[in-house]
Structure formats: C-alpha cells, structure tokens
Amino acid sequence: MEQYAEREDLNALVEWAKARGCYLSPKIFLVGSENGSTAVAVNDLEPGEEVISCSNDAVLGPVHARKLFGDELADSHPELIRPLTKLALVHELLLGKDSYWNDYIRTLPREDELSVPMYFSDSDLQWLRGTNMENEVDVKKEHYKDEFEKLIQVIGSRVDTTKYTLDLYIWSSAIFKSRCFPGRLMYPNEPEDAPMLLPLIDALNHRPLNATEWNVSVRESFKIALSNATAVGEEIFNNYGAKGNEELLFGYGFCIPSNPFDTLRLKLPPTIPQQAYDEAGPEATKEPTLTLEHPLPAWLVKLFESFITQAAGLTPHSVIAVAQSADVLVQALRVKLHNLIAQAPNNEPANSRQKNAQIYREGQIAICRAAVDACMQARDDAVSSRGASLITLETITRNDPKGLIEAVAQCFLENPGDNIVDDLVEVDMEEPVLLLALAMQSPLSSDGSVTEVDDYYNQLYEQVYLPVHQTNPNLPTIQPQDLQRAGTLMANGYASRDLQGRDRYTVVAAV
C-alpha cells in the first residue's frame, strides 16, 4: 500500500499558490509519496466536485518567457518558444529565494531524484538493453545539447547567458517533459508546442481511464474536477491521456503494469521502397505502432507483401508471395522479440527505476508475441484461402502421427534436447525430413512416371530412409522415385533465414 507523509515544502507550496488565486479543496491534502508527491482525499468527494485549480498568476509558461527574453525574440523565432520557456525555469531556479516561483521550484525533483532514463545510472541502463529506449537516451541528450546551443547563440546578444548551463537545461527539459501542459489551452495565440507548468495541478499522478474534467478559462485559470466519487484516503488522480509505457517511462519516469494503452514501436528497414508504402495505403508509416488490441495493422502486411513480391520477382498475390512476405515480417518481429528476451537482466530489480524498466520490457514482449502470432495466423489464413498449405519442419514435428520425427531423432541425434527442430537443423536433417514427409504423404512410385532417379535421392533412400524405416517399421513404404518426386514438390517453396542465420525451408503444397 502507498505510504504518504506530510512535507513542509508542499505545505508552503499550497500557501504560496492560494495567495496567487489557486484553489485546493479542503477535502484533499498534498502529501509526499514514493513517487514524489500526490493528493489524497481527507473527506469524501462528490462526482463533479472541483478539487484543484491553478490561476494565471501562478503559471510558469510562455508569458513569463516573453517577459524575460522579450516579445520580439519570441515572435521572430516561434520555434524557440518551448526552449525559451524551459530556460525561464532555469532562470528562476538560479534566482533561488528571490524567485517568484521559489516555493514551487523547491518541490520539483532534482537530478538525483528524477526517475526518467535521462538520469539512469549505468546499472539502471542495463535494464533497457534490447529495447527501443536503449539508444534513445544518448539521442535525446544530443538533441537537448543542440537545442541549448542554438538557443544561447540566438539570445546571447540580448541577455547574459554565462549562468545558464547545459546540465541545468537538461534538468529543466526533464521537468517540462514530465509535468507540462499544452500552453495553448490557456494562451491560444502561442505556438502549438508552447508548454506551461501548473503548480499544484502537476502534483497529481496519472491513472489511465481515470475520469477527470479539465475546465480552462483563457488567461485566467485551469481547473480540475473529478467525474466520479472519491472516498476518504483514496489518491486523487489526473489523466494524462492514452499513453503507453514507453512514453510514460521516457517522459514521466514510471510505468503501469498491464497498461491498456501500451504500445510497441517498430522501425522498418530503410530498404523498403516508397512504392511499397504507397501501395500499402495512406496509413503506412516507417515507424508503425502496435498494440495488444491491434498487434498487426492490415497495411503492414500489405507493405511487406508489396516489398517482397517486387524484391524477389514473385507473382503478385500468389501463394508464395503471400507466404514468403509474411514470413519475412514474422522473422523481423522474432528478431525484435529475441532481443527483448535475451538481453533482459537475470537479476531482480534493485530500485524503482529498474522495476519500471522491467514493466516496460514485459509490455513490449507481450505485444511482440501477439504480433508474431497474429502475423502467422494471417499468413495461414491467406494461404488456406488460396487452397494451399505450408509444410515446414515445425509443422511436421507438431503433427507427426506416424512417428517419423521420433525415428529420425533416434537414428541421427546423439543427445536430443528440448527443441527437436533446432537439433535436426543443426545436423542438416531439415531437407531430408521434409523430403521423407512429402514422399510418405502419398507414395507415387507405382505410377511409373519416374523411371530414372538421381544419385542424391538414391543415397538419401539408403542412408536416411532405410535406417529410419528399420527403427520404425510402421512408417509408410517408399522408393527412391518417391523421394525424387518429393524433391519436385519442394521446388514449390522458398528459403528464409532464422535467428541463427540458418537457411530454413517452407514448402507450399496444394490441399
């Protein structure tokens, strides 16, 4: 259960805010929590009851940035309004007790208290290996560095910038990323990305699907009311919107287990031509977002089908084109899934940062698995609708009523492991097993159409089939001609690489 504690700095913030026209319901109390601060109900709250508000006089946003750095600069460089507002927070921090916002800034977390990946230690960062965020931290730091240097270059002739440092700017960026609201809600004439900090209100934590009402009066106030009743002792939540754990962790420093809005972001290979995107439809993007509810966008399947059909010179919409393109997509998803699983730390999380990173990874794995399953199902449905089926070493192993796989394993595997498919591939038995299975499905030698047999199939018959049949005499009887006919059937298929870089085979067979 969450533990709360009274904090002197939060009490001072409430008094400061009230003196500037803000409102905090007497039925709630700001307290310290393991996540920083929050609000809890000290009396029952009725639905629709206003609980908290921030007045225009307390907002730290673009209006104050304009006062510090000038309207001319803000208007001539509208792209800098967000950086200027972040620099305004740095300015107020450096003023210390002389700052108008000192009682508010005192409650903001410092670098060692921030739980966003930007401030992860080296041991914490290990928990992001194999995820999208593994390299995002350095990319974001470089972005802030470029943004800061450009900002200082532009304003350097107007104000003294020697006191502003990159470290403080990155800290301010993290504060705004985790706490800011869209400035246009109160200041509609500002640029779209103008941010604002709302003292008191930004102390509320996030809960998805939490019913809250935002009531905004332009240049006057920002009020929050709860749509549902809240009992004594319950935490008061805001709703930041539909955000997945990747966005929550990177921007806010926390994750939600079983987050209903969780997402998995893919980065598609640059080798996919624009023509394939055009053919996939207007929703096609180079960074698709998958969810548990919709793990496989239809346009993504079309994109890979168009790409592989053209790259491999296949007949459009043919069985092989549909199956092979789906397998390429499945393989890409499996690589992603493998990295997420294989690079996860083996030890238990040592702190809340690592625990949140673990929750984030678990959500990514769940969505990736769902995407793999959905893609394979879509492939099988598309192949089946065309009157065909796919035969692989996996399908033979799963459906082996005659005991072929067991007999092959006894003959050619010294120490079979838990994954019989991998074991057979490692000893180059995939193609022989496929040929045996195809030949045994319907022996054709009796029709006399195959009169001359290649040496390869004679050797396969003697070195593989005969020992296997001797091990299991109940297997169908075949002849070398049947194996050669099976080789003809195998030509109607395709090869693909698995996670270990091995060639794997898929046979397309008529049903």
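Using a/c under 1.5 as the rounded threshold, could you call the stretch 1-143 rounded, prolate or oblate? The axes a ≥ b ≥ c are square roots of the C-alpha gyration tensor eigenvalues, and prolate needs a/b larger than b/c, oblate otherwise. Since a/c reaches 1.5 but b/c is at least a/b, the shape of the stretch 1-143 is classed as oblate. Cα axis of helix 480-490 to longest principal axis of the chain: angle in degrees, 0 to 90, nearest 10? Roughly 30 degrees, rounded to the nearest 10. Helical runs assigned H by DSSP (4 residues or longer) give the chain a calculated mean residue ellipticity at 222 nm of -13500 deg cm²/dmol, each run adding -39500 (n - 2.57) before division by the residue total. Binning the C-alpha pair distances of the stretch 81-195 at 5 Å intervals from 0 yields a P(r) profile of 2, 10, 18, 20, 20, 16, 8, 4, 1, 0 %, listed from the shortest bin outward. Separation of the alpha carbons by more than 25 angstrom is noted, of Lys336/Lys402; Lys86/Lys223; Lys18/Lys243; Lys97/Lys150; Lys150/Lys355; Lys145/Lys355, for Lys336/Lys402; Lys18/Lys243; Lys97/Lys150; Lys150/Lys355; Lys145/Lys355.
Show me 191-203, 484-496 ranked by packing, highest mean number of other Cβ atoms within 10 Å first. Show your work: numbers first, answer last.
On the way: 191-203: 21.8, 484-496: 16.8.
In decreasing order of mean packing, 191-203, 484-496 become 191-203, 484-496.
Spin-label model, His317 to Glu72: label points 7 Å out along the Cα-to-beta-carbon direction sit 6.5 nm apart. Here the stretch 264-386 is treated as an ellipsoid with the same Cα gyration tensor; its semi-axes, largest first and in whole Å, are 31, 15, 12.
What FRET efficiency comes out for the pair Glu234/Asn419, r = Cβ-Cβ distance, R0 = 35 Å, nearest 0.05? List each step's numbers first, then the result.
Working: r = 49 Å, r/R0 = 1.41.
Efficiency, from the Cβ-Cβ distance: 0.10.
Annotation: peptides 504-510, 416-422, ranked by per-residue average of other Cβ atoms within 10 Å with the highest first, follow the order 504-510, 416-422.
Tally Lys and Arg at +1 and Asp and Glu at -1 over the other residues with C-beta under 11 Å from the C-beta of Glu431: what net charge comes out? Result for the local shell: -2. Helix 166-179 sits at what angle to the longest principal axis of the chain, using alpha carbons and giving 0 to 90 degrees rounded to 10? The answer is roughly 80 degrees. Using only C-alpha atoms and all pairs of different ones, pull out the Kirkwood radius for the chain in Å with one decimal. After inverting the pairwise mean of 1/r, the radius is 27.6 Å.
Cα gyration tensor of the stretch 393-510, axes a ≥ b ≥ c as square roots of the eigenvalues: rounded (a/c below 1.5), prolate (a/b > b/c) or oblate? Oblate is the answer for the stretch 393-510, as a/c is 1.5 or above yet b/c matches or exceeds a/b. Using alpha carbons only, how many degrees (0 to 90, rounded to 10) separate the axis of helix 81-95 from the longest principal axis of the chain? That helix lies at roughly 50 degrees to the long axis.
Once you reduce the stretch 88-151 and the stretch 364-401 to the center of their Cα atoms, the two points are 45 Å from each other.
Coordinate-derived values only; no laboratory data. Note that the structure is a prediction, hence the values are computed from the model and not measured. No Cβ is skipped: glycine too gets one built from the backbone with ideal geometry, and neighbour counts run over all protein chains shown.
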